[in-house]
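The values are calculated or read from the model by the stated rules, or taken from the named source; none is laboratory data. Bear in mind that the values here come from a model prediction, so they are computed numbers and not experimental data. Backbone-built Cβ (ideal geometry, glycine too); neighbour counts: all protein chains shown. For the accessible areas, the whole protein counts, side chains as well, though only heavy atoms, and no ligand, DNA or RNA atoms are used. Shrake-Rupley method; radii C 1.70, N 1.55, O 1.52, S 1.80 Å.
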There are 2 protein chains.
Amino acid sequence: MGWRLAILVVGSVAFDAIETPSGKRDRCVGGAATYFSLAASYFTPVRVIGVVGEDFGAQEEGILTRRGVDTRGIEHVSGKSFFWSGSYMKNLNEAQTLNTELNVFQSFSPKIPAAYEDTEYLFLANIDPVLQADVRSKMPKVKMVCGDTMNYWIKDHSENLAKVLPMLDALLINDGEVKMLAKENNLVVAARKVLAMGPKSLVVKHGEYGATAFFSERSFTGLSGHTPFRAPALPLAEVVDPTGAGDSFAGGFFGYIASQPALTPAVFRHAMFYGSVMGSFAVERFGTERLQNLDKSEIEDRFALFRQLSHLE
Amino acid sequence: MGWRLAILVVGSVAFDAIETPSGKRDRCVGGAATYFSLAASYFTPVRVIGVVGEDFGAQEEGILTRRGVDTRGIEHVSGKSFFWSGSYMKNLNEAQTLNTELNVFQSFSPKIPAAYEDTEYLFLANIDPVLQADVRSKMPKVKMVCGDTMNYWIKDHSENLAKVLPMLDALLINDGEVKMLAKENNLVVAARKVLAMGPKSLVVKHGEYGATAFFSERSFTGLSGHTPFRAPALPLAEVVDPTGAGDSFAGGFFGYIASQPALTPAVFRHAMFYGSVMGSFAVERFGTERLQNLDKSEIEDRFALFRQLSHLE
């Protein structure tokens, strides 16, 4: 795979404390950019921009570098790394946040290493939309931008978010976020309203039910006004830890696209499936454990399982 | 289509009063057997066993007979027909029952016309499991039995329901019912527990997210222990009235199976898609309005849309 196909992800690199019905971890490396990077690393070279504190050392960074992720964009500053603590004891489909300590992430000001300036694929993970827009504006060679956001930015920073949405080729959010953003309960109507806010496509993640992509009428070679496309999720007998499933979906989705010569409808469809595949791996173990040690044949086997699950022939 | 392929459905034929965000109907012909019959009638001959009161006349029965449904098994007795009143104003995904008047349905004792005794396909719609078992036992020539149930029977009539489950080739219920029946929150584990109760397959309906089929290890030519199969639902911009969507799914599903020479994995998969297709039509208009006047080309066009929605190629 060529170096020109690298994806740059900007987002959180963090420590998580997680409890689920399957057990708990007091401290594991997490953050949206971490999950995204690991999932995407099976498809294409990945570069990360983030910030960590003194508690994030060579051992932690090794989780990314062992997968070939370029971590030169991870800034090390004094203080503690972003820390999140969550529980899935009451509902495996929705984290209950017990504690959030922004720490060094509070004053995160993304700096783009010179070596990253030729990046053509950019993923704006869930961070302040002001920072998302800032990073985008500093990357003139970018060909395709995907992004995420969350209820906090939708509710209280909607004006800033509105400036980011038109920059996106694909917005990847979940059902609840789509409906909140559109102020509309029907998914299809909500999707149309969100597309009218600017993104060329919208990938709605339904958790255990898969994901649906909607396409705007605006310029998007081969995909403008395309009918929706739905990818299934794998019915799993045990979800050990749902943390990072959405970011892993995004990593598989965008990583696959970046590995392909052109974005055709077929590539978009396959990317949805690879997103679901990487999400299904992520939840099988705590934190990023499963995403650290996959091999390409496991990914292809699961892709085949998804096809078998959902296809008529 | 040959007469030997007729499906017999036993269940409610009723009047419904429905209000949804799209409007209301004070009185329309409904009931599980009605929705099932209309949906299945596009695939194979259908026979109905049910009971109605004096308020159900030739005009009402015409809704079924115009679709070629054999209504000789609908018993007319003195009194009023089953009446249900429901609202979807608060939640389009779940009816709020405002009123249920069982009326003549309270003492429903299914009688099988001699002309129905050669039926090979039997659908036990959502009625008292004692009646379901009774009908099954009186149909010695039946080759395949599918059935439905609901929370009321699961909670308060579980011993009777336990006698019906082993009679079923396919149990068609929704997510909540599967989890309630299995006393288990994970869908895959719950599905395994339900299959251990006796049905050879389990089709779990996920509403707007489609449906998933699980297969037991027990004798079921070509399908024993098969990997799960998931069919999508169509993302619809307006759900006018969700009433009967599940029964319409069952009608399309079983109607398609009965129209085919053998139950292969491919037939089962196509049946899941046709179930979703008929469910998607049902919700486009109030009551059975949309199901009364479809033509085969509309069904095939929508089937193609479902394939396009969900398939990689």
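Brief remarks follow.
- About the Cα centre, charge dipole magnitude for chain A (Lys/Arg +1, Asp/Glu -1 at Cβ), debye: 780
- Segment B:18-60: GluC sites (Glu not before Pro) falling in loop per DSSP and having at most 16 other Cβ within 10 Å: B:E54
- Segment B:145-217: GluC sites (Glu not before Pro) in DSSP loop, at most 15 other beta carbons within 10 Å: B:E217
- Distance in nm between pseudo-label sites at B:D295 and B:S78 (7 Å out along the Cβ direction from Cα): 4.7
- Computed from the C-beta positions of B:D134 and B:M89, the FRET efficiency with R₀ = 35 Å rounds to 0.40.
- Inter-copy separations for B:K183, label at 7 Å along Cα-Cβ, nm, ascending: 4.7
- Karplus-based coupling profile of segment A:105-119, in residue order and whole Hz: 6, 4, 10, 4, 10, x, 10, 9, x, 4, 5, 9, 5, 8, 4, with θ = phi - 60° in 6.51 cos²θ - 1.76 cosθ + 1.60 and x standing for Gly or Pro.
- Note, ³J(HN,Hα) from phi for segment B:171-183, Karplus 6.51, -1.76, 1.60, rounded to Hz, x at Gly and Pro: 9, 10, 9, 9, 3, x, 5, 4, 5, 5, 5, 8, 6
- For segment A:1-50, a simple Cβ point-charge model (Lys and Arg +1, Asp and Glu -1, everything else neutral) yields a dipole of about 160 debye relative to the Cα centre.
- Too-long pairs where the Cα-Cα distance tops 32 Å, listed order kept, from B:K90/B:K183; A:K111/A:K163; B:K143/B:K179; A:K179/B:K179; B:K155/B:K200; A:K24/A:K200: A:K24/A:K200
- Surface analysis of segment B:202-272 yields an accessible area of 29 Å² per residue, using protein heavy atoms and a 1.4 Å probe.
- Summed over both chains, the accessible area lost when A and B associate is about 3000 Å², using a 1.4 Å probe.
- Per-copy distances of the B:Q292 label point, shortest first, in nm (7 angstrom along Cα→Cβ): 6.4
- Farthest toward positive dipole pole in segment B:187-313 [+1 Lys/Arg, -1 Asp/Glu at C-beta], among B:F215, B:A196, B:V239: B:A196
- The sum of -39500 (n - 2.57) across all DSSP H runs of n ≥ 4, divided by the residue count of chain B, sets its helix-only mean residue ellipticity at 222 nm to -10000 deg cm²/dmol.
- The two copies A and B are related by a rotation, and the chain A beta carbon nearest its axis, with distance in whole angstrom, is A:Y209, 2.
- Residues with amide H under 5 Å from that of A:L92, placed H, sequence gap 5 or more: none
- Nearest-20 debye value, the protein assembly as shown charge dipole, Cβ charges on Lys, Arg, Asp, Glu: 780
- Drop in accessible area of at least 40 Å² in the complex versus isolated chain, residues of segment B:286-313, 1.4 Å probe: B:Q308, B:L309, B:S310, B:H311, B:L312, B:E313
- Applied to segment A:274-287, the Karplus parametrisation 6.51 cos²θ - 1.76 cosθ + 1.60 on θ = phi - 60° returns per-residue 3J(HN,Hα) values of 5, x, 4, 4, 5, x, 5, 5, 3, 7, 6, 9, 5, x Hz, with x for Gly and Pro.
- Delta accessible area of at least 20 Å² on complex formation, residues of segment B:211-248, 1.4 Å probe, chain isolated as reference: B:T227, B:P228, B:F229, B:R230, B:P235, B:L236, B:A237
- Ranking A:M89, A:A114, A:T44 by how far each Cα lies toward the positive end of the dipole of segment A:44-160 (charges on Cβ) leaves A:T44 at the top.
- Protein accessible area in segment A:42-169, 1.4 Å probe - carbon and sulfur %: 49
- Using a 7 Å projection from Cα along Cα-to-Cβ, the label point at B:T65 is separated from the same position in the remaining copies by 8.3 nm, smallest value first.
- When the charge dipole of the protein assembly as shown is built from unit charges on Cβ atoms (+1 for Lys and Arg, -1 for Asp and Glu) and taken about the Cα centre, the candidate among A:L161, B:T65, A:Q260 whose Cα reaches farthest toward its positive end is A:Q260.
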